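**Q** Handing you a structure now.
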Amino acid sequence: MTAYKVSDWFSREKSMQNDAVKIVKEVEEEVQNKCFRWFCPKHCLSFDIVGRRVSEALKEVSELINQGNFDSVVEKKATESGEEMPVDQTMGMDYNFEEVWKYVTDQTTGIIGVYGMGGVGKTTLLKKINNELVKTSKEVDFVLWVVVSKEPKLPEIQELIRLKLEIPDEIWRGKNVDAKSATMMKYLKEKIFVLLLDDLWERLDLLKLGVDLAQIRDGSKVIFTTRSEGVCGRMGAQKTIKLECLPKEVAFKLFRSNVGENAFNSHPVIPKIAEDIAKECEGLPLALITIGRAMSSRIGFSGWKRALKELRSYNFEDMTADVFPVLQFSYE
């Protein structure tokens, strides 16, 4: 039995309790009025109605008891609250991770925004946070990962969250966007959750995802990544962290680790060319990793010299404008 079904069972049980109180009150009122069959014929119908309601209520109680088998209900452990995700190399990311993590563990911080240029490692950092939560956080009921992208489709995002929350089809099917939001909100406000939204380009209405900041429990979080500091503001981020490019030494170390020692040491001049190529990547982890792997198959001086020339021929002055020329190089 899913957590949602258990919650629904208890809601129905509470409703039946309220109905039972009303029926008992009605019976007491009839008795006080001495409305017996031989004494007050005109009120006999009242007892018949109450009797039928009692009979129906007993039937519903019996059905509810049969459905209330909780043998299969197990409280989710931290490792069951979400899924670990494959993460690329995180060299040089320790400081950024610790900076974000201190707000993740801060009960008073509800929304955290991480921004930076494309390829700087925002998604990798968010995956690392996801994995750490899944592995270590026993207080969190759910860790929800959603890729939003440039043109988000709200129904698809709602469906993804619904599946992770295990909301049954019979409760979900046929509802419009607002009704689905209300269903998710009803469920999430009773839980401690972390919602991870990757790659936001514009403000996303959290209410449409069932997140009401006025009702969520302490410890629940929304953490998102974006290229725009402005999006952080429009999302109401309480803490905003900018990811910077890697410093020169760390960048070269990351590049070399992806090249591999075989190619790196295939000619005495290659280490110097490797420094120049790494410099062209301007500290972007995505570019350093992608181009480093592409260079791992180039053995010998001529291949490296030609690669540096090709890379420089793109003649882009600012890597922050577009990382794709560098990545395109890796496929040529």
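No value in this document is a laboratory result; all are computed from the given coordinates. Source: prediction; values computed, not measured. Ideal geometry is used to build each Cβ from the backbone, glycine not excepted, and the neighbour counts take in all protein chains shown.
**Q** Suppose R0 equals 25 Å. What FRET efficiency, 1/(1 + (r/R0)^6) with r the Cβ-Cβ distance, do Lys248 and Asp94 give to the nearest 0.05?
**A** Values: r = 17 Å, r/R0 = 0.69.
After rounding, the FRET efficiency stands at 0.90.
**Q** Follow-up. What order do you get for Lys248, Lys153 when you list them from fewest to most C-beta neighbours inside 10 Å?
**A** Lys153, Lys248
**Q** For Thr108 and Asn262 in one chain, what is 0.36 nm times their gap in residues minus the Cα-Cα distance, to one decimal in nm? Provide the component values of the computation, followed by the final result.
**A** Values: separation 154, 0.36 × 154 = 55.44 nm, distance 5.01 nm.
Residue separation times 0.36 nm, minus the Cα-Cα distance, leaves 50.4 nm.
**Q** Quote to one decimal, in nm, the extra length available between Arg293 and Glu190 on full extension: 0.36 nm per residue of separation minus the C-alpha distance between them.
**A** Working: separation 103, 0.36 × 103 = 37.08 nm, distance 4.62 nm.
That pair, Arg293 and Glu190, stretches by 32.5 nm at full extension.
**Q** Another question, then. Would you list Tyr103, Tyr115 from fewest to most Cβ contacts within 10 Å? Could you put the intermediate results ahead of the total?
**A** Values: Tyr103 18, Tyr115 21.
Neighbour counts put them in this order, fewest first: Tyr103, Tyr115.
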